[in-house]
Amino acid sequence: ASAILARAPAVENGLGIGKRSPLFGNMATYINYGEGEEDATVQGAEWLQGVIQIQQGPDAEKAFTEEFQAAFSDLENNRQYNYGPVLDLFIQHSEDLFAAIPESRGEDRVKEIESFFALILSMLEMLDDESHLNDSTHRLCALFSSSEEQQPELRLRLLMMLYNTFNNPDFPVRYKVFKSIVDYSAKAGLFDQVLPYLEYLDSWMVDWEPYLDVEEKRTLYRDIASYMRSMNKRLDSFNHLKKYHKLFQDEQASVIKQQKVMDSTIELVKDAIQLPSVIQFDDILTFDTVKALSETQHKSLLELCNTFLSGSVGDLTKFHQKNGKFFDEYELSYPDAMSKIRLLTLATLAHGKSEIELEQVAEAIQEEKDNVERWVVRAISEGFIDGRIDQLNHKVLVKSAFQRKFETQEWAFLDSKLTQWIDNLESVIKFIGDQKVLREGAA
C-alpha cells in the first residue's frame, strides 16, 4: 500500500486538461473539474475569480482576470502545453480560499475548494520541468500547512491528495509531502488519522532511499517518536526512537555527543527501563549513542541497563544502595524497576530447565514464599516463561523461558542443541531404514 487515502471530490462529466508529464510515469489523474464542453482550466479560473471578487473586491478580480487571460492565451498558443504560469497563478491566489468557507453550512464550499485543488493537482502532473514541479509542490505543502485553526481536516485531506498525486513509489518529492502530512497532522491534533499508515513507513523509506540523506531519515523517526509520546503512545514512541538511534551507528563521536542526540539517548534508555513490555536490552546496548553514555555523567543509566541485561535482584539492590538519588534524579520508579528485574531473574532461573522449585524462585527473586506463586503467574502471563505451577509438588514446570541476551555463549548453546536434534533425526532415519530392510528381507 503506497497511497494515503483521502476523500477526493467526485466530479461528473470531467474533462482532461492535457498530456501527463513524463516525470510522473503511469499515474492516476484526480482532476477534471467542471461539466460540459468548457475547458476545466477556464472553469477553475472563473470560480476563483468569483471568490476573489467577494473577498478582495473588483480591482483584485480585474487584476487576476488579466493575468489569467495572458497566461491562458500563451497556454492555448503553445503546443507544448506549458501549464506552469497558470498553475503558479492559481496557487498564488489560493492562500485565502480557506477563509471563504462559512462557519455554518459550509459543506458546498468545501467541496468546491476540494475540486479546485484537484484541478491544481492535475495541472501539477502536466509539468515537465522537475525544478518547477518541486517548487510548486513545496508551495502547496506550505499553503495547506499554514494554519492549524482554519479548516484543519480539509487541509490534511488536501495534503493527502497531494501525496497520492505522486503515486509512483520512488518519486523524489514524495518524502517531502509525507513529512508535511506528519508534521501538520501532529500540530493540528489529527495525528491519529496518520497512524494507520506508519506501518508502511519502513517500506516507503526503501523507495525513498535514493533521495534521502541520513539527517532527513533521523528527523522523520525522531519527530514521529515525539508525536507518539505526546499522544501517550510510549511503546510506539520507543520503537521509532530506536530506529532513530540505529541511524547513528559508526557515526563520528562529535555528532553522537551533540546535546540533542544525547538528550534523545537518555530518553531512549529511560523508556527501556520504565516500559513494562520492554524486556530486551541487548539491542539498545549495541547502539553507539547508548555506549557513549559511558563517557558522560549519565553512565549510571548504562550500568542500570546492563543490570537488566544480565543482572539479578541482588544486583539491582546494590545499584540502588550505591546510587541513592539516581531514581529521583531521572524520575524513574525503583519499585517498578524491582518488579521488572524479578521477572527477568525468574526467566534466567528457568532457562534451560524443565522444572524449578518454588523455594528456589523465592530465594532468587528475594520474595516471601507466600508471594512466590503470584510472581510466577505474572511471569507466565507476561511471557517471561512458558509453563505452569505444580501446586501439589511446589514446583514450576517449564516449557521455555525468555532469553535475556544472545551472545557467543548462547550461540554455542543453540549450536549444541541443533547438533543434538540433527543426530537424533539421523538416528531415527537410520532406524526406519534398517526396519525397512528387515521387512523386505522377511518378505
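The values are calculated or read from the model by the stated rules, or taken from the named source; none is laboratory data. Bear in mind the structure is a predicted one, so any value in this text is a computation, not a measurement. Heads up, the Cβs are rebuilt from the backbone with ideal geometry, glycines too, and the neighbour counts pull from every protein chain shown. Ligands, DNA and RNA are stripped out before the accessible areas are found, and what is left, the full protein with its side chains, is counted by its heavy atoms. Shrake-Rupley method; radii C 1.70, N 1.55, O 1.52, S 1.80 Å.
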Simple label model, 7 Å out from Cα along Cβ direction - Asn239 to Glu368, nm: 3.9 nm
Amide H contacts under 5 Å for Lys395, placed H, 5+ residues apart: Leu358, Asp390
In Hz, Karplus ³J(HN,Hα) per residue of segment 110-122 (6.51, -1.76, 1.60; θ = phi - 60°; x = Gly, Pro): 4, 4, 4, 5, 4, 5, 5, 6, 4, 4, 4, 5, 5
Stretch gain in nm, segment Ala60-Ser277, where the contour uses 0.36 nm per residue and the Cα spacing is subtracted: 72.1 nm
Trp208 - accessible surface, heavy atoms, 1.4 Å probe, Å² rounded to 10: 0 Å²
Residues of type lysines that Lys318 reaches as a straight line, Cα spacing below 18 Å, ignoring anything fewer than 8 places off in the same chain: Lys299, Lys340
Relative contact order (percent, whole number), segment 264-400, Cα cutoff 8 Å, 6+ residue spacing: 19 percent
Gln53-Glu149 FRET efficiency (beta carbon distance; Förster radius 35 Å; 0.05 resolution): 0.85
Taking the chain and dividing mean pair separation by its residue count, relative contact order in percent (alpha carbons under 8 Å, at least six apart): 10 percent
Distance (nanometres) between label positions extended 7 Å along Cα→Cβ at Lys291 and Glu251: 1.5 nm
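Any idea of the accessible area per residue across segment 317-414, 1.4 Å probe, to the nearest Å²?
Using a 1.4 Å probe on heavy atoms only, each residue of segment 317-414 averages 61 Å².
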With every protein chain in place, the chain: carbon and sulfur % of accessible area (1.4 Å): 48 percent
3J(HN,Hα) from dihedral phi, segment 335-340, Karplus parametrisation 6.51/-1.76/1.60, rounded to Hz, x for glycine, proline: x, 5, 5, 5, 4, 5
Rounded accessible area of Leu344 (nearest 10 Å², 1.4 Å probe): 0 Å²
Partners for Lys111 among aspartates and glutamates (Cα-Cα distance below 14 Å; same-chain residues under 8 apart left out): Glu12, Glu153
Estimated 222 nm signal from helices in the chain, with DSSP H stretches of n ≥ 4 weighted -39500 (n - 2.57), rounded to 500: -19500 deg cm²/dmol
Gain upon complete extension [Glu215, Lys430; 0.36 nm per residue less C-alpha separation]: 71.5 nm
Aspartates and glutamates with Cα under 14 Å of Lys322, excluding same-chain neighbours fewer than 8 positions away: Glu303
Cross-link table Lys243/Lys325; Lys246/Lys270; Lys176/Lys405, entries beyond 28 Å C-alpha to C-alpha: Lys243/Lys325; Lys176/Lys405
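Give the accessible surface of segment 154-235 per residue, rounded to a whole number of Å², with probe radius 1.4 Å and ligands, DNA and RNA excluded.
That works out to 38 Å² per residue.
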Amide H contacts of Gly387 (H built 1.01 Å from N, under 5 Å, at least 5 apart or other chain): Lys399
Residue-level accessible surface for Asp263, protein heavy atoms, 1.4 Å, Å²: 80 Å²
Cα centroid separation, segment 291-305 to segment 192-251 (Å): 24 Å
J(HN,Hα) series, segment 128-135, from Karplus relation 6.51 cos²θ - 1.76 cosθ + 1.60, nearest Hz, glycine and proline x: 9, 8, 5, 5, 5, 4, 4, 4
